[in-house]
Amino acid sequence: MITEATHISPEATPVWTIYDAVREGAGHVPGIWTEAQVRGWKAVTRAVHDKGALICCQLLHAGRVAQPGIANHPIVRGRNVPLPPVSSSAVVLRPGSDAGDYNWDQPAVEPRALETREIERVIDDYRKAARNAQRAGFDYIELHAAHGYLVEQFFCDGINRRTDRYGGSIENRCRFLFDVVAALVAEVGPDRVAVRLSPTAIDPATGEFYQVYFGAITSDPEALYDHAVEGLNAFPLAYLMLTEPRVGALSVDPDADRSHAHPMRNARFRTLYSGTLIGAGGFTPLTAEAAVGSGTYDLIAFGRWFLANPDLPDRIREGALLNVYDRNTFYGGGAAGYTDYPNRHQIGDLVTQKYTLIEQSRIGTSMRNATRSKPDSS
């Protein structure tokens, strides 16, 4: 299991007001920089281990996506700590098209460009977060270096205007990634650190990017991500996870999600990376099996379908019906849409079965037109 993005410091933490459910509930995102947070995570890792599973803590610095309102949070207020937003350069996130698929609907504050001497301080925040994650009982650490957050803000020359050793050439723009990975491996040891990237490319037919997150665009996407992926071979990683750019339908309900119909774009990285490679984004149980069987990926990660099906591995193994996720409840603050999805043994229970069921083979066709399977009333 991999956690939701877990923020390494107040500076790294966005004030999530992206969705109505979050805005109304004041927003809650996890962190791992305080003792109270470490204690809370211990309960989580203990529960996972009691089930015989492993759990990985995904560490994130949101960079310019974070907002200064975090200063008013009770665990931050009055503390003399660096606050957001910061980025590779003072390039503001614009509402509208820059938001990608996250429905960003509020003006962002212009970030402050991190000074060269500050970068080691940010890297040390990653170290401390990794140390806390180990203390909390996590088995692995995953560096979130994807989806338009701080690491990609260093990658992409559409944001990175630096003239020091962290800007300019592809080698320099990837330096921050490699410096953070080196620090994390030194902190927690070999085979205990992973990395997530979200490579994109330009569609030759349209001249448009296949996917953009939070306005993170670059003039040289294929060369950039090839260099980043190849460079990670130098580290003893547990795995490298790649988000397929077809994952674009993050903010739509499952009926409108046609990501399953788009081809994989990251297959070329199998020849560039020699370690364990995990694919994520737009996979169904059937296409996941095909991707692994073809050797494109070693493993496949599920997000939305795992959220809606707490026993997803068993359901896939048995070919059982799946709960269809309710997109409207994502990032909310209550049990609905998080802890109330039934497992396969509860199907037919009138108390728990409030979610639509679908056959696994139907996901890759048209969910809108599929005949939704209902629980057996007998």
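Each value in this text was obtained by applying a stated rule to the coordinates, not by laboratory testing. Only a predicted model underlies this, so the values are computations on that prediction, with no experimental measurement involved. We place every Cβ from the backbone using ideal geometry, glycine too, and count neighbours over all the protein chains shown.
Once you compute Rg and the Kirkwood Rh from C-alpha atoms, what is the Rg to Rh ratio for the range 6-243?
Rg/Rh: 0.95.
Taking the highest mean first, how do the peptides 126-135, 162-171 order by number of other beta carbon atoms within 10 angstrom per residue?
Numbers: 126-135: 20.6, 162-171: 14.5.
Output ranking for 126-135, 162-171: 126-135, 162-171.
Below 12 angstrom from the Cβ of LEU83, what's the summed charge of the other residues (Lys, Arg +1; Asp, Glu -1)?
With Lys, Arg at +1 and Asp, Glu at -1, the neighbours total +2.
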- Message: Testing the spin-label approximation: label points 7 Å from Cα along Cα→Cβ at LYS128 and PHE235. State their distance in nm.
- Response: 2.0
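Sort GLU110, GLU142 so that the residue with the fewest other Cβ atoms within 10 Å of its own Cβ comes first and the one with the most comes last.
Details: GLU110 13, GLU142 26.
Lowest to highest Cβ neighbour count: GLU110, GLU142.
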- Diffing the range 170-183: the Karplus 3J(HN,Hα) column from phi (6.51, -1.76, 1.60, θ = phi - 60°), in whole Hz with x for Gly and Pro, holds 4, 4, 5, 5, 8, 4, 4, 4, 5, 5, 5, 4, 4, 5
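Could you sort 275-281, 36-42 so that the peptide with the highest average Cβ count within 10 Å comes first and the rest follow in order? Provide the component values of the computation, followed by the final result.
Numbers: 275-281: 20.3, 36-42: 15.3.
In descending order of packing, they fall as 275-281, 36-42.
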- Task: Enumerate the amide H contacts of ALA90 below 5 Å, restricted to partners 5 or more residues apart or on another chain; note that Pro and chain-start residues carry no placed amide H.
- Result: ALA113
- Message: I want to check the label-to-label distance for LYS354 and THR116. Put each point 7 Å from Cα in the C-beta direction and report it in nm to one decimal.
- Response: 5.8
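Which length gain, in nm to one decimal place, applies between ILE75 and LEU286 when the Cα-Cα distance is subtracted from 0.36 nm times their residue separation? Show your work: numbers first, answer last.
Details: separation 211, 0.36 × 211 = 75.96 nm, distance 4.44 nm.
Computed gain between ILE75 and LEU286 is 71.5 nm.
Based on DSSP, what percent of beta bridges with both residues in the range 6-243 are antiparallel, to the nearest 5? Can you show the working numbers first?
Numbers: 1 of 18 bridges.
Of the beta bridges lying entirely in the range 6-243, close to 5 percent run antiparallel.
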- Item | Sum of side-chain charges, VAL38 neighbourhood, beta-carbon under 10 Å (Lys, Arg +1; Asp, Glu -1) | +3
- For GLU142, the residues 5 or more places away or on another chain with a placed amide H closer than 5 Å to its own amide H are CYS57, GLN58, LEU59, ALA194
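Give, as a single signed number, the net charge of other residues whose beta carbon lies under 13 Å from the beta carbon of ILE202, with Lys and Arg counted +1 and Asp and Glu -1.
On the way: positive: ARG265; negative: ASP203, GLU208, ASP220, GLU222.
After counting each charged neighbour, the total is -3.
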- Item | Theoretical gain in end-to-end length, GLU171 to ASP203 [0.36 nm per residue, Cα-Cα removed] | 9.1 nm
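Once a ≥ b ≥ c are taken as the square roots of the eigenvalues of the Cα gyration tensor of the range 46-93, is the result rounded (a/c under 1.5), prolate (a/b larger than b/c) or oblate (a/b not larger than b/c)?
Values: a/c = 4.03, a/b = 1.84, b/c = 2.19.
The shape class here is oblate.
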- Task: Search the structure for amide H atoms under 5 Å from the amide H of ILE2, placed 1.01 Å from N in the peptide plane, and list their residues when 5 or more places away or on another chain.
- Result: CYS56
- Item | Relative contact order computed over the range 6-243 (Cα-Cα under 8 Å; 6+ residues apart), in percent | 21
